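What follows is a short report on a single structure.
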Amino acid sequence: MKTSGNTILVTGGGSGIGAALAQHWHDAGNVVIVAGRRRAALDETIAGRERMHGVELDVESADGVADFATRVLRDFPALNVLVNNAGIMRLEPIDRKRDLADAEATVTTNLLGPIRLIDALVEHLSAQGDAAIVNVTSGLAFVPLVDAAVYCATKAALHSYTVSLRDALKGKVEVIELAPPGVQTTLTPGQENRPGYMPLDAFVEETLAGFATQPTPPEIAVERAKMLRSAEAEGRFEQTFQGLNESARAARAAQG
């Protein structure tokens, strides 16, 4: 993926990882479109930045995604990079009967959303030069957090989908997976200040170094995420699984 001269669409671009990466890509000389549900958050992300645009998008609606894609291609025909970053993470028990509304919303947002948007844009991207699709998964795709089991399952599914997509689009669209560790963002309540999570600025700096590598790696994971990514291959999955879940619960408990 080239580092400048792109027209980049970042979903979930109103806050957290999406907003931070979008602003850095904009500073590097790209036209950037940030998409998300909250107009106010999008306006804050793009404030004072020429060549940066906010477009509202609700990834839970199939019709909404299709309409969004039509509008984006009309207004930004040079679009050549799609970053599927929008996601939600809900902590919920799975050891008892529960209302599945959170689980269903997580699957729709984290998995169906990217699939629908890729489907709507894939033919356009395939016809562009220097085209790329970046799917944001998680280190938790490889070692799950029990209290966020559905979130982790959607990220594992998106990892699998990305592997298949990369082969299907070989020679036409570069397909990159970005797998973050726990980062200090507002993804879950209190996470922006949670001890043990990676500061957002440090994550973005290390991630952008990965994107600057030529050729761009098919998977980009900062060092903290590589510990999860390689756990099974290195024969330490069970140890990593237990340690991850114990430390995550302790960190949340310490915050009350």
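Please figure out what share of the DSSP beta bridges in the chain is antiparallel and state it in percent, rounded to the nearest 5.
Just about 0 percent of them are antiparallel.
Give me the percent relative contact order of the chain, please, defined on Cα pairs under 8 angstrom at least 6 residues apart.
17
Once both axes come from the Cα atoms, what is the angle between helix 237-254 and the longest principal axis of the chain, in degrees from 0 to 90, rounded to 10?
With rounding to tens, the tilt is 90 degrees.
Taking the alpha-carbon centroid of each part, what is the distance from the range 202-225 to the range 1-31 in angstrom?
The distance from the Cα centre of the range 202-225 to that of the range 1-31 comes to 14 Å.
Would you mind putting 243-254, 106-117 in packing order, based on average other-beta-carbon counts within 10 Å, highest first?
Those peptides, ordered most packed to least, come out 106-117, 243-254.
Let me know the Rg and Dmax you get for the range 174-248 when you use only its Cα atoms, in Å.
13.6, 38
May I ask for the angle, rounded to the nearest 10°, between helix 16-27 and the longest principal axis of the chain, with both axes built from Cα atoms and the value confined to 0 to 90°?
Orientation of helix 16-27: about 30 degrees from the principal axis.
Enumerate the amide H contacts of ASN30 below 5 Å, restricted to partners 5 or more residues apart or on another chain; note that Pro and chain-start residues carry no placed amide H.
For ASN30, whose amide H was placed from the backbone, the distant partners under 5 Å are GLY5.
Any idea what angle helix 113-126 forms with the longest principal axis of the chain, computed on alpha-carbon atoms, 0 to 90 degrees, nearest 10?
30
For the range 7-254, with only Lys/Arg (+1) and Asp/Glu (-1) charged at the beta-carbon, what is the dipole magnitude about the Cα centre, in debye rounded to 20? Write out the running numbers ahead of the final one.
Details: 23 positive and 32 negative charges, 39 e Å.
Here the size comes out at about 180 debye.
In a Gaussian network model over the chain where Cα atoms closer than 10 Å are linked, find which of ALA69, ALA168, ALA101 has the largest mean-square fluctuation.
Among ALA69, ALA168, ALA101, the largest mean-square fluctuation in the Gaussian network model of the chain belongs to ALA101.
With each run of n ≥ 4 DSSP H residues scored as -39500 (n - 2.57), what mean residue ellipticity at 222 nm is computed for the chain after dividing by its residue count and rounding to the nearest 500 deg cm²/dmol?
Calculated from helices alone, the mean residue ellipticity at 222 nm is -14000 deg cm²/dmol.
Tell me, what HN-Hα J-couplings in whole Hz come from the Karplus equation 6.51 cos²θ - 1.76 cosθ + 1.60 at θ = phi - 60° for each residue of the range 58-66, using x for Gly and Pro?
10, 6, 6, 9, 4, 5, x, 5, 5
Each value in this text was obtained by applying a stated rule to the coordinates, not by laboratory testing. Please read all numbers here as calculations on a predicted model, not as lab measurements. Quick reminder, even Gly has a Cβ in these numbers, built from the backbone with ideal geometry, and neighbours come from all protein chains shown.
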